[in-house]
Amino acid sequence: MDQLKEDLKHQIIEQLNLEDVTAADISDDMLLFDANGLALDSIDALEMIVLLEKYHGIQVVNPEEGKSAFLSVNSLAEYIRQKSN
Amino acid sequence: MIKITGYCHITDLLCAVNGKILLQPSPDSEHSWFRQIYNFADIQYPKFHKMDALAQAGVLGVELIRLFAARPMDFQDEGVDLVFANRYASAATDRRFQASYADHMSPSPAIFVYTLPNIITGEIAILKKWYGENTFVVMPEFDPGFFTSYIQRHIARGCEAVIGGWVQIDEENTEVFIFLAEPIPAEPIPAEPIQADDGAVRLGVRELLEIYQQHLS
């Protein structure tokens with residue numbers, strides 16, 4: 001199990017107030033902003049920016065970076081690892 | 001003639017359509033009561049999980065009427081008007097939003113967007129792609145006269161259906177009553193009972209109050 005990805009799922013649930021969603025409901029490659037995924041929207045993108053800063057100390061200053069980083073838990077984890085190196 | 005062709009109740013104890021109980025909450029479930037209903041009805045709408053309880057109740061009510069009162073709801077995009085009411089607007093979500101910055105030192109945009117009660121009409125409109133007129137009214141208690149008058153005026157003006165109801169949810173109590181009102185071709189009016197075999201009820205103040213009170217007092 002990839003602990004960072006598991007932590008991210010719990011952080012998404014907490015930050016976005018998805019009270020009835022469990023980490024098991026979110027697969028690593030689920031498209032977070034797709035209607036068939038978690039159906040997140042622009043408001044949630046703000047929450048994701050807050051999440052990255054709050055839990056990982058990363059500030060998203062380039063909107064283009066966020067667009068690709070927020071695709072899925074996989075891409076978020078990859079983005080965090082890149083920024084941490 | 002205008003009829004209530006389908007209606008749904010959700011309380012803390014039960015979920016019913018056209019007066020018939022479909023489901024009662026399972027104390028052993030890991031899910032909230034509304035999520036249990038969502039799963040029971042096999043609704044597939046991921047956005048549901050982000051909504052506050054008022055919006056979730058609206059979506060559940062409309063979908064339960066469609067599925068279990070067997071109403072196709074194939075209306076024109078602008079053919080449906082929505083009218084909802086409750087006692088305390090979005091107070092429960094307002095308190096959650098307040099807590100989000102009191103407890104976590106950062107206000108939550110995801111909660112903030114639900115700090116208006118009329119978001120329920122927006123979420124139903126988005127789900128069903130209905131772009132007719134919508135209204136949310138704050139009133140001390142369910143007023144069948146208000147709803148009857150609203151339905152009659154809007155259907156007389158040409159709308160195909162009115163969906164609305166009473167959606168009062170707070171930390172202690174769930175009172176949800178949602179109805180679908182449609183004009184039905186004239187037919188002989190039976191003296192009794194007011195409810196036909198298909199569950200439809202002819203619109204009137206007394207009749208609306210009567211079906212509201214089937215599971216709410």
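Some notes on this structure:
- The helices (runs of 4 or more DSSP H) found entirely in segment B:95-166 that carry 1 or more residues being modelled with pLDDT of 95 or more are B:119-128, B:144-156.
- B:A53 vs. criteria surrounded by 17 or more Cβ atoms within 10 Å (Cβ to Cβ) and either hydrophobic (A, V, I, L, M, F, W, C) or away from chain A (no Cβ under 14 Å) (or both): yes
- Residues that are surrounded by fewer than 16 Cβ atoms within 10 Å (Cβ to Cβ) and at pLDDT 90 or above, drawn from segment A:56-77: A:G57, A:Q59, A:S68, A:N74
- Checked against (1) surrounded by fewer than 16 Cβ atoms within 10 Å (Cβ to Cβ); (2) more than 14 Å from every other protein chain (Cβ to nearest Cβ), A:K5 passes all but condition (1).
- Qualifying residue in segment A:18-34 (condition: on the phi < 0 side of the Ramachandran plot, away from every other protein chain (no Cβ under 14 Å), part of a loop (DSSP other than H, G, I, E, B) and of a type in the set (A, V, I, L, M)): no
- Members of segment A:16-30 that are farther than 17 Å from A:L4 by Cβ, of a type in the set (V, I, T) and within 11 Å of the chain's Cα centre (by Cα): none
- Residue in segment A:49-58 that is at the interface with chain B (Cβ under 9 Å from one of its Cβ atoms), part of a helix (DSSP H, G or I) and either within 13 Å of the chain's Cα centre (by Cα) or hydrophobic (A, V, I, L, M, F, W, C) (or both) present: yes
- Matching strands (runs of 3 or more DSSP E) fully within segment B:1-86 where at least 1 residues are of a type in the set (D, E, K, R): B:2-11, B:20-23, B:80-86
- Positions within segment B:103-142 being of a type in the set (K, R) and within 14 Å of chain A (Cβ to nearest Cβ), in sequence order: B:K129
The values are calculated or read from the model by the stated rules, or taken from the named source; none is laboratory data. Every value quoted in this text rests on a predicted model; they were computed, and no experiment measured them. Every residue, glycine as well, gets a Cβ built from its backbone with ideal geometry; the counts of neighbours run over all protein chains shown.
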